[in-house]
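Just dropping this structure here.
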Amino acid sequence: MRLPVAARRLLVPLVAATCVTAVPAAAAPGVRAARAEVARMQERLARLDAEAGAAAAETNAAVDRLEAARGALVRTERDLVVTRRDLRVTRRLMARRLVLLYKRGEPTMAEILLGERSLTRATATVDVLDQVSRFDARMVEGMRRRRARLADLRQEQVRHREEARVAAARAAERRRRVAALVTRQRSLVAGARADLRRALAAERARLARLAAAKAQQETGRPVSGGGGSVSLPPGVSHVFPINGPTRFSDDWLFSRPGGRVHEGIDLFAAYGTPVVAVASGTLSRVGWNGMGGWRLWLRDSAGTAFYYAHLSSFAPAAREGASVSAGTVGGYVGDSGDARGTSPHVHFEIHPGGGGPVRPFPIVSSWPRG
């Protein structure tokens with residue numbers, strides 16, 4: 001049965017309301033889950049970074065031990081050189097002494113008494129021979145000690161080399177293992193952050209659809225979409241928001257520092273270029289905030305709100321509650337707020353019916369420029 005025209009008009013708000021409630025609400029939990037996953041991954045990465053720091057400290061300690069071992073090796077090599085030289089000298093002395101003993105032999109006491117003219121000289125000769133015997137014994141003992149010292153030095157040298165090798169290998173292995181874990185975890189964090197960005201983009205799109213449906217419900221006029229954008233209510237003329245050469249791209253929903261998402265579009269122009277009202281309407285919230293810097297809002301006669309941010313200063317017409325015509329200069333391009341130090345630009349947003357933001361690029365691209 002065909003309904004009367006009046007009945008069909010009454011059904012329009014009901015259908016719009018149904019569209020609003022039918023928009024899936026699962027995106028917000030998805031954002032929360034993605035954020036929780038990013039937080040979990042970052043906590044794991046923090047633990048791995050701490051482990052990497054410990055591995056770095058162990059590596060540095062191993063390097064210190066290796067340097068100490070190298071120093072010990074140098075000292076050991078010097079001791080080996082001295083010990084070998086002393087051993088060679090001792091061997092030569094012992095060889096000469098053995099030759100003398102072989103040729104002459106040790107004199108007996110009777111030979112000494114018969115050979116000397118007095119008992120005193122015989123006693124002195126015995127003392128000399130006793131000293132020679134003691135010297136021979138010391139040479140033998142010295143040779144024995146030097147041989148033992150040479151063997152000890154060689155063992156110490158081997159031990160130092162092995163300790164240095166083991167320490168360096170252990171530190172290198174741990175460093176490689178931790179570096180691999182950190183690299184893998186950073187990759188996982190990057191993937192989780194990408195999931196979060198996608199979830200945020202989906203949530204922004206959901207809010208934009210809700211705003212469009214709300215605007216349709218309130219105005220009774222369709223807000224159609226195309227390529228992720230909406231067309232504004234008819235009956236209002238708009239102009240480009242900057243009166244001068246401008247460059248811009250479709251950077252809506254791009255990621256921003258701190259996990260934020262770009263809700264508008266950046267219009268780049270020379271510092272101080274005039275910024276104008278895109279339509280006839282009313283100004284509000286003219287002033288400063290920490291993120292937007294010098295900023296203002298404009299609402300046109302169809303209820304669409306436009307947000308301008310990062311201005312360098314305001315024009316005289318920019319007063320709270322002032323009514324302005326399309327093309328009226330409200331301020332000038334700058335880099336105020338969190339845009340300080342970037343290329344001068346205006347952050348520009350479009351909110352149909354005063355609701356959530358919509359994709360500005362195709363809309364702004366169609367507006368005439370002054």
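Give the long-range amide H neighbours of His238: residues separated by 5 or more places, or on another chain, with amide H under 5 Å away, using H modelled in the peptide plane at 1.01 Å from N.
It is none; the list stays empty.
What are the ³J(HN,Hα) couplings of segment 37-42, residue after residue, when phi is run through the Karplus curve with 6.51, -1.76, 1.60 and θ = phi - 60°? Round to Hz, x for glycine and proline.
5, 4, 4, 5, 5, 5
Scan around Thr328 for amide H atoms under 5 Å from its own, H built in the peptide plane at 1.01 Å from N, and keep only partners 5 or more places away or cross-chain.
Correct list: Ala277.
Of all trypsin sites (Lys or Arg not before Pro) in segment 307-370, which ones are in loop regions per DSSP and have a Cβ with at most 13 other Cβ atoms within 10 Å?
Sparse-neighbourhood loop trypsin sites (Lys or Arg not before Pro): Arg340, Arg369.
Would segment 265-370 count as rounded, prolate or oblate if I go by the C-alpha gyration tensor, calling it rounded below 1.5 in a/c and otherwise prolate when a/b exceeds b/c, oblate otherwise?
Rounded shape, in that the Cα axes give a/c under 1.5.
From the phi angles alone, apply the Karplus equation (6.51, -1.76, 1.60; θ = phi - 60°) to segment 148-161 and give each ³J(HN,Hα) in whole Hz, x where the residue is Gly or Pro.
Couplings: 5, 5, 4, 5, 5, 4, 5, 5, 5, 4, 4, 5, 4, 4 Hz.
Which residues' amide hydrogens lie under 5 Å from the amide hydrogen of Val261, considering only partners 5 or more residues apart or on another chain, with H built in the peptide plane?
Excluding prolines and chain starts, which carry no amide H, the hits are Arg256.
Using the Karplus curve 6.51 cos²θ - 1.76 cosθ + 1.60 with θ = phi - 60°, what ³J(HN,Hα) values do you get for each residue of segment 340-350, in whole Hz, with x for Gly and Pro?
Using θ = phi - 60°, the values come out as 3, x, 8, 5, x, 6, 10, 7, 10, 10, 10 Hz.
Ok, one more. Would you please put 245-255, 192-202 in order of how densely packed they are, using the mean number of other Cβ atoms within 10 angstrom per residue and starting with the highest?
192-202, 245-255
All of the numbers you see were taken from the coordinates with simple rules; none came from a lab. On a predicted model such as this, the values are computed, not experimentally measured, just so you know. Virtual Cβ from ideal backbone geometry, glycine too; neighbours counted across all protein chains shown.
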